[in-house]
Structure formats: structure tokens, C-alpha cells
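Data first, discussion second: the structure below is written as C-alpha cells.
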Amino acid sequence: MYNVYENGLQALEQMSDEKLCSLVSSGNRMAEETLVTRYNRLVRTCARPFFLVGGDSEDLTQEGMVGLIKAVREYDAGKEASFRTFAEICIRSRLYSVLRAAGRDKQQPLNQSVSLDTPYFDSNSYTSGTNNLAQRNPEDFLIDREHTAALLSGVRKQLSEFEAKVLGYYLDGLSCREIAKAVRKPRKSVDNAVQRIRRKVAQQLLSGDFSKS
């Protein structure tokens with residue numbers, strides 16, 4: 001029985017995102033699990049920047065997973081966007097929504113948060129039939145990206161060579177264990193570096209100095 005499951009799982013892992021979504025729409029739970037596993041790192045990549053500016057890492061990851069599952073269950077291959085683009089829109093939309101709510105409810109700096117890696121994806125894709133997942137227009141993303149570039153420029157000036165390397169891997173969605181292996185340092189050293197980076201990002205945001213000079 002276990003071998004049958006393993007063989008079925010291996011077959012699913014070889015399928016395209018679109019084929020898996022088609023199976024999900026037919027009620028195939030293994031296909032759904034396969035897609036969620038495949039894009040788990042994307043969820044971390046989307047959530048990490050918000051964690052750096054004050055969010056809770058575990059909570060944000062869970063909310064991002066909600067957005068991913070929504071994408072898996074609602075993707076329409078007839079639309080122009082790829083599944084990955086749709087998934088990223090769903091994940092980020094969920095995170096933006098949660099952070100805005102947190103900012104209103106707790107009056108925390110989270111509603112001032114900016115994504116440190118906002119992409120130039122087409123925010124007009126999938127606006128119909130998906131609860132307006134991409135409500136922000138391209139100009140909004142351009143402004144965020146310019147703001148982001150200035151913020152990161154200022155923060156990176158304050159980072160050690162090790163911290164800058166950790167930040168790069170961290171924003172790419174690697175786990176602290178994976179980063180530790182990549183930089184050949186103890187995991188505790190990576191954890192401490194992430195916390196130092198968070199403090200420096202917070203200081204940069206509080207100072208309001210995003211000068212690139």
C-alpha cells in the first residue's frame with residue numbers, strides 16, 4: 001500500500017503545475033499536496049520581508065500558505081498567467097490583507113511595511129472571479145520597488161559581509177538550516193544574524209532615511 005502511494009506521489013511530482021491544478025479541480029488531494037510542497041519555498045520568500053520589518057514569522061508563513069492553497073484550488077489554466085504568477089499574487093495579496101488588518105487593529109508599524117522584493121508581475125492578471133486578488137496597479141508596485149531599493153541600499157551599508165550574505169539567502173526563502181549549510185556556519189550564528197538584520201531594518205524604517213547616497 002505504501003509503495004502504491006510512493007509511486008503515485010513520484011508520478012505527480014513529474015507533472016506540470018497546470019496538470020496538477022487540473023487534477024486538484026477533480027478532487028485529487030495528493031495533487032494538491034504536491035503543489036503545496038512544490039511552492040512552500042515561494043511562500044517563505046514572500047513572507048520573509050514582512051517578518052524583517054516586524055511581522056511574526058510563523059503567523060505570516062501560515063497566512064501565506066492560505067494564499068497558496070487558494071491559488072491551487074482556483075487557478076484557471078485558461079487565463080494568460082502561469083500558475084506560479086497566480087500563486088505569487090494570491091500569496092502576496094493574503095499577506096498584504098493580513099498586515100493591513102494588523103496595522104488597523106493593533107496600530108503597529110506593520111501597516112507601514114513594504115515588501116523587500118516586490119516583483120514586476122502583472123497585477124491586472126486574474127482580477128475577475130478571484131476576489132480582486134491583484135487590486136494594486138503597476139504604478140503601486142513601481143513605487144514600492146523604488147522605496148524598497150532605497151531602503152535596502154541604506155540597510156546593506158550597515159550589514160557586515162556575513163549579514164549581507166545571510167540576508168540574500170534569507171530573502172530567497174532558504175531555511176536557517178539551509179543557510180547555515182550554505183555559509184558553513186552554525187545555525188545559531190545564522191539565527192543571530194537574522195535578528196541583527198531585523199533590528200537594523202527597523203532602525204532604518206523608524207529613521208525614515210532611505211537615501212541611496
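Projected label points at residue 178 and residue 58, each 7 Å from Cα along the beta carbon direction, are separated by 2.1 nanometres.
A simple spin-label model places pseudo-atoms 7 Å from Cα toward Cβ; at residue 185 and residue 33 they are separated by 3.7 nm.
Taking R0 as 22 Å, what's the FRET efficiency between residue 192 and residue 171 from their Cβ-Cβ distance, rounded to 0.05? Can you show the working numbers first?
Values: r = 17 Å, r/R0 = 0.79.
Calculated value: 0.80.
Other residues within the sphere of radius under 12 Å centred on the Cβ of residue 77, judged by their own Cβ, net out at -3 (K and R +1, D and E -1).
Here, each number is a calculation from the coordinates, and none is a lab measurement. On a predicted model such as this, the values are computed, not experimentally measured, just so you know. Here Cβ is always computed from backbone atoms with ideal geometry, including for glycine, and neighbour counts include all displayed protein chains.
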